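Bear in mind these aren't lab numbers, they're just calculated from the coordinates by the rules spelled out. Just so it is clear, the structure is predicted and the values come from calculations on it, not from any experiment. Reconstructed Cβ throughout: ideal geometry from the backbone, glycine too, with neighbour counts over all protein chains shown.
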Amino acid sequence: MDDNELYPIGDVARRTGLSVSAIRYYSDAGIIAPTRVTEAGHRLYDIRAIAQLELVRTLRDLGTGLHDARRLLGGETTLHDLVVTHLELVERQERDLRARRAVLRTLVKQGGTAAQAALMHKLVSMSDEERERLVDDFWNEVGDGLDVNPDFVDRLREVRPHLPEDPSAAQLEAWIELADLVRDEEFRRAVRSYLQDAFSTPPGRLMAATPVQDFIYGSGTTIMREIMDAYRSGLPADAPRSQELAVRLVEAAAPLGGRQATVELRREMAAKFIEVDELLREEPPLDDSRFDHTHGRYLSLVSAINGTPSATDEQAMPFAWISAALRASLPRTSLPGGA
């Protein structure tokens, strides 16, 4: 194309992909005037005007309004500032669309009513403070008067949803379900009943004790993770590595009771672990389906919202395996009946 050449509107339309009527509209609207108009009224455009038309077409394809295009061509803003502003708008629209999609998909799954649609939209539009209050209300009611170690209940309520600033549709759907559940009185009663039955009597009460919880989620986190990895790998309890891990467990736990990690303490803990394992076999935990529909459902939804591994996937502590590893680590003279 010649920089000095003028092109009729038909050629400009073909070069830019705009319709003739659109080019005329931009001219009449004062956005991009023709370079020259002939005595016969034909509009002619030079290279610069054609480039401006191509820019406007690109901006329009990206959803930019004519007002912003006029400001850009008039020198009232820069392309960078215009694009940044428009990007922010598009990202807000994207978040709104994801929220609407989450509501619509949930309605399709549940066969919801107009009232439910309004409620779900309200749930996805909640502020961070409103979400925190909703979860606080849930745990305040669940934990009120619960015959379970208060420290353990406080630890449970620390596991809560944190919807990210830019959530995915799946995270929004999980939040809608969770928010609906924690508002439901029947679900609150079910969670409360499960926690009461699971942790107010042995062996749940023992597991909920503050020193045990502090060890599992504090000083003993690393060693417990290594023990679980070894157990899941199928490593025999009497293997040297298993014995090493069991001894380290005793060394980490000994200070909780003001004890020294002696051979005698290893023997005592081996007996205690097997006692707990037998107790669990005599009084097995509540059936999985009850957990899955109460506290387990809460945990899985929180994990989906937070984008973290589900706490419900954690395997129970292998008490018998640890006991066997400790017994294997004892000097033979310390074993009952040893020579």
Original post:
For the Cα atoms of the chain, what angle does the longest principal axis make with the long axis of helix 240-253, in degrees from 0 to 90, nearest 10?
Top reply: 90 degrees
Original post:
Using a basic spin-label model with each label point 7 Å from the Cα along Cα→Cβ, how many nm lie between GLU264 and GLU132?
Top reply: 5.1 nm
Original post:
Between ASN4 and ARG24, what is the spin-label point distance in nm, taking each point 7 Å from the Cα along the Cα→C-beta axis?
Top reply: 3.2 nm
Subject >> the stretch 133-165: trypsin sites (Lys or Arg not before Pro) in DSSP coil with no more than 12 other Cβ atoms inside 10 Å >> reply: none
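With Cβ to Cβ distances under 11 Å as the rule, what net charge do the other residues near GLU185 carry (K, R +1; D, E -1)? Mind dumping the intermediate values first?
Working: positive: ARG183, ARG188, ARG189, ARG192; negative: GLU141, ASP184, GLU186.
That works out to +1.
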Subject >> Rounded Å value of the spacing that divides the Cα centres of the stretch 224-261 and the stretch 1-56 >> reply: 80 Å
Subject >> Full-stretch length increase - GLU88, SER219 - with 0.36 nm per residue and alpha-carbon distance subtracted >> reply: 42.7 nm
**OP:** Above 25 angstrom, tally the Cα pairs of the chain and express them as a % of all pairs, no decimals.
**Re:** 69 percent
Original post:
Quick one: Kirkwood hydrodynamic radius for the stretch 119-171, alpha-carbon pairs, angstrom, one decimal?
Top reply: 12.7 Å
